[in-house]
Structures are given as C-alpha cells and as structure tokens.
Ligand code: DX5
Ligand code: ZN
C-alpha cells in the first residue's frame, strides 16, 4: 500500500521544512499537484518549485498534471525530477501521444479520471499505464469532501486488473481521510493520496502510520470477506504489491 501526502496542503511559506517532514514521516511518495488555471480553476506551482525541492528528498515524485496542454510540460517536469506523471483522460485524442511521450521520457505513466467521467473512458489505455488515478473530488482544490459515487469506479478498476492480469496501481485522490481511505482500500485501491488529513496533523509520521494501518486492515478484511477458502492458497495480485 502506498501513502502519498499531497504537497498542496503544505505550508508554502516553509516548503523545505515541509518536504523534510514528509521525508521523515515514512510516506512512500510525494504527490505534486500542478494546476494551470484552465483545466481547473486554480493555479499551484511549476517545474521550478519541483526542481528546488528535488535535492531535499529521495522520495518518488508523482506529478499530477491538471493541465489542458500537458505536452508542453512533460519535458520540464521530467527534468525537474518527476518519477511519474499523471495526465487526465478528459483530454481525449491527446491521451495516447501523451502516454507514449511520458514513457519515452523514462517516467512512470499515470492516467487520472475526474468524478463525472465514466470509468469506461480509461479502459482502452489500461495496458499502457502504470497507475490509474481515480479522482474522488472534482480537481482544483484541497480540503474538499470525498465523493462517494466514485467508489464503484475503484471496484471496476480492480476487477479489470484481475481479469486482464495487469499490474497498474489504483490510486485515489481527494477527500481521503482515515475513514474514506479504508473504504477505498476495501473497494480495491492501493495508493492513497491525502493532503489536508496528513499535513493538518502536527505529527505527520503518526498520521501516515495511522493511514497505513487502516488501509492494511481494510485490505485484509476485503480478502477475508470475498475470497473462498481454497483460493487463499494463491495470494491475489494486489496482495503481492507493496
Ligand atoms: C485535488 C488534488 C488533490 C488534493 C488532495 O485537485 O489533485 O491531490 O491535493 O487534497 P485533500 O486531501 O486535501 O483533498
Ligand atoms: Zn492530485
């Protein structure tokens, strides 16, 4: 299970210290939200900020591009230190060339989907992606409430992964707190992006540990509830993922 604090909820006035907090927290990744003021009604930060914080940690940088023209940003973010870049399926015909370009840059490929978009839209790309990012709020701002109608998408993404023997990660992003994280884990998510809930606590390490605990417990519960006894001899694919 991957726990990824989202830097959007950090105190931008002391970014270096915030990155050190994440570094020491036991989190697996740092999630970086890039907003262009067009694809979403907000602006965050660009490659210069990512480049500045890159030497402060060895953590995997997951760069979530909420941008209308990500093609102009892939190289700058790759050079700035992104390990993965996520583009949105809502970009339509641009999606395939974008996925190939991210791969060609040697970075992990992520595909994000907004709450109102049907999960069927990501189906043609499943073989090409390392991660699906299921938005559980409408992107643009931190601190919003989790949209429960997105839970069946997680289940569908999980079922497709089993049926097609694929290994993409299933991430959830937006309104992820200890309760909704457990519900997402129960539905099949394995990557938990959380801003307000994690950065909002004075002890970020304790918050990361607690989130890991609740999602691991939910995953075990899921396997207990759904797997027939004989099938338990073969661990499920997601049980093999860290
Ligand atoms: C939303 C962003 C999220 C956001 C999550 O547009 O993509 O990554 O930072 O923040 P919280 O956990 O506060 O909803
Ligand atoms: Zn995000």
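Every number here is computed from the coordinates shown, using simple stated rules; none is lab data. Everything numeric in this text was worked out from a predicted model, so none of it was measured. Cβ placement follows ideal geometry from the backbone for every residue including glycine, while neighbour counts extend to all protein chains displayed.
For the range 186-210, the candidate set comprises residues that are within 16 Å of ligand 2 (Cβ to nearest atom) and part of a helix (DSSP H, G or I); within that set, the residue that is farthest from residue 159 (Cα to Cα) is 199.
Which residues, taken from the range 45-73, are within 15 Å of ligand 1 (Cβ to nearest atom), within 17 Å of the chain's Cα centre (by Cα) and in a loop (DSSP other than H, G, I, E, B)? 67 - this is the single residue of the range 45-73 that is within 15 Å of ligand 1 (Cβ to nearest atom), within 17 Å of the chain's Cα centre (by Cα) and in a loop (DSSP other than H, G, I, E, B). Residue 132 fulfils the conditions (1) crowded, with 20+ Cβ neighbours inside 10 Å; (2) part of a helix (DSSP H, G or I) except for a single criterion, (2). In the range 103-121, the qualifying residues are those that are outside any loop (DSSP other than H, G, I, E, B) and within 16 Å of ligand 2 (Cβ to nearest atom), and the one that is surrounded by the fewest Cβ atoms within 10 Å (Cβ to Cβ) is 108.
Just one residue in the set 177, 190, 173 is surrounded by 15 or more Cβ atoms within 10 Å (Cβ to Cβ), in contact with a helix residue (DSSP H, G or I) (Cβ under 9 Å, 6 or more places away or on another chain) and either more than 29 Å from residue 224 (Cβ to Cβ) or touching a residue at least 60 places away in the same chain (Cβ under 8 Å) (or both); that residue is 190. A single entry from 133, 73, 91 fulfils the requirement of being touching a residue at least 12 places away in the same chain (Cβ under 8 Å), more than 21 Å from residue 180 (Cβ to Cβ), within 16 Å of ligand 2 (Cβ to nearest atom) and touching a strand residue (DSSP E or B) at 6+ places or on another chain (Cβ under 7 Å): 73.
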